[in-house]
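For reference, the structure discussed in these notes is given below.
Computed from the coordinates by the stated procedures, all read-outs in this text should not be read as laboratory data. From a predicted model like this one, the values you see are computed outputs, not experimental measurements. Here the Cβ positions follow ideal geometry from the backbone for every residue, glycine too, while neighbour counts run over all protein chains shown.
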Amino acid sequence: MFLSVCFSAQTRGFMDMINWQRLLAQRTVGMRASEIRDAFQLAERPDIISFAGGFPAPESFPVTELRQVMQRLMESEADVALQYGPTEGIYELRCLIAERMSREGILTKPEHVIITNGSQQALDLLFKILINPGEPVVYELPAYIGGINAAVNYEAKPVGVRQDEQGLDVGALEQYLAKQREQGAPLPKVLYIVPNFHNPTGVTLSLSRRERLVALARDYDFTIIEDNPYGDLRLEGTSLPHLKTFDTDGRVFYLGSFSKICIPGVRLGWLVADPVIIQKVCIAKQGSDLCTNSLGQKLVCEFAKSGLLDQHIGTLKSIYKRKRDLALAALTEYLPKEVRWTQPQGGFFIWITLPAHLDAKQLLPGLVAKEKTAYVPGGAFFVDGSGKNTIRLAFSQVSEDDMAEGIKRLGRYLDRMLHSVRPTRAEAFRSA
Ligand SMILES: Cc1ncc(COP(=O)(O)O)c(C=O)c1O
């Protein structure tokens, strides 16, 4: 594609054409805007009940508490909060995170922690230091789009391995790895996974698969990015050990985030890894933004130190449990019997599978226009182009009052579509 920019003839006196194809780096060719951004825009329309954005519940933001913490900060620690800070992050916050991680079974020292601008930046920096153009990175089918795009930006080649209701199918992964080895084909250096309350499916990786996955990483010498922004939002059942707790040689990189347990506006995440990786990421980060914002770090640090973070997580769990229960009850009541969905034990998402002949992307404009309701079509989360008959439903941001009504509208619309769009013989066979 030839990219050009035309400047106004009045301003420049002539038509000036820039050949961006020549000027832009080759790697920008593969860069893609996130396909779900369009769906997010719907979330901002007040007339739409939107299950699209995977955003925290706005009513949950701890505004009063944060205002008080900010006031105290400005009175006593403005010199640190308003200044540049170390690239690795403010030491006090690194200590606090190391302590939390150690409590969760990952023995962590502050030297193992780097604070980033959201866990998204940690993803970008990890792929920056790990990936050479054309190298395979393994993703679940489906996978978080931000995790896919972060590697594609460095010209990685995404490879998909299927997921079921117990998370990544580790047996299928082993088959893929064995085949690559047998054929002398390139083996992946990185596998990206969201083990708890997955984005987009809501499923959680089983205990036995966790252990087996880390053992496979050792056998086939690849690293694992364990991305866990939803882990603290368990709404029922017992927590499972992090993948990193099975890691004996430092090949699992753990990512955490304050976006879902505090506020996303603060843009704070963290990486736990061996000092050699922290050091490389730190150098990469210096070229990116010098340091993470000090004001946000001090704010979250004080919030956590005064016990408000744990208290807030408790409040969040009750908010999201109510929302999830409302959503699941409404799905049972209103969705046609041909449609299936997951039962998440935490997090923000429910994953819906339609009969194979329905294309969720094609159905969406009709749902918005006729029923004023929106979701994210699931196909965007599959690196192999499959999953057209799937939907991600985020229950986190929808108000309790709108939950049943939105799902009722979705059910009504899907029912109509099921009876008006006919499957081909092959599709009918696949759905059976
Ligand atoms: C699985 C997953 N990883 C990472 C992120 C990025 O989060 P952050 O706000 O910490 O950058 C998100 C955001 O929704 C996510 O769902």
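Odds and ends about this structure:
- Overall, the stretch 266-361 carries a charge dipole of about 100 debye about its Cα centre when +1 sits on the Cβ of Lys and Arg and -1 on the Cβ of Asp and Glu, all other atoms neutral.
- Shape category assigned to the stretch 97-168 from the gyration tensor of Cα positions, a/c cut at 1.5: oblate
- Amide H to amide H, with H built 1.01 Å from N, Phe197 comes under 5 Å of Thr204, Leu205, counting only residues 5 or more places away or on other chains.
- Peptides 135-141, 262-268 ranked from most to least packed give 135-141, 262-268, packing being the mean of other C-beta atoms within 10 angstrom over each peptide's residues.
- The label-point distance for Ser239 and Trp20, in a model that sets each label 7 Å from Cα toward Cβ, rounds to 4.5 nm.
- Modelled FRET efficiency - R0 60 Å, Lys361 with Glu92, Cβ distances, 0.05 increments: 0.80
- Calculated FRET efficiency, Leu207 to Gln183, Cβ-Cβ distance, R0 = 35 Å: about 0.65 to the nearest 0.05.
- Fewest-first ordering of Leu187, Leu168, Leu326 by other beta carbons within 10 Å of each residue's beta carbon gives Leu187, Leu326, Leu168.
- Calculated FRET efficiency for the pair His419/Ala78, C-beta based, R₀ 51 Å, to 0.05: 0.20
- Other residues within the sphere of radius under 15 Å centred on the Cβ of Pro133, judged by their own Cβ, net out at +2 (K and R +1, D and E -1).
- Stokes-Einstein D (µm²/s) once Rh is taken as the Kirkwood radius of the stretch 327-417 over alpha-carbon pairs, at 25 °C in 0.890 mPa s: 185 µm²/s
- The modelled label-to-label distance between Gln343 and Ser318, using points 7 Å beyond Cα along the C-beta direction, is 2.5 nm.
- Debye, to nearest 20: dipole size of the chain, +1 on Lys, Arg Cβ, -1 on Asp, Glu Cβ: 900 debye
- Seen from Ile391, the other residues with C-beta closer than 12 Å to its C-beta sum to a net charge of +3, counting Lys and Arg as +1 and Asp and Glu as -1.
- For the stretch 37-179, the C-alpha radius of gyration divided by 2.2 N^0.38 Å, with N the number of residues, is 1.40.
- Pair-distance distribution of the stretch 63-306: all C-alpha pairs, bin width 10 Å, starting at 0; shares per bin in whole percent are 7, 32, 35, 18, 6, 1, 0.
- Using 0.36 nm per residue and subtracting the Cα-Cα separation, the extra length available between Arg45 and Val63 on full extension is 4.1 nm.
- Residue-averaged [θ]222 nm for the chain, counting only DSSP H segments that reach four residues, each worth -39500 (n - 2.57): -13500 deg cm²/dmol
- The alpha carbon convex hull volume per residue for the stretch 276-432 rounds to 193 Å³.
- Cα gyration tensor, the stretch 139-220 - rounded (a/c under 1.5), prolate or oblate: oblate
- Range of Cα positions in the chain per principal axis (Å), largest first: 64, 64, 52
- In sequence order, calculated HN-Hα J values of the stretch 251-256 (Karplus, 6.51, -1.76, 1.60; Hz; x Gly/Pro): 9, 9, 9, 9, 10, x
- Exposure proxy shown here: for His419, His242, the number of other Cβ atoms within 10 Å sets the order, fewest to most, as His419, His242.
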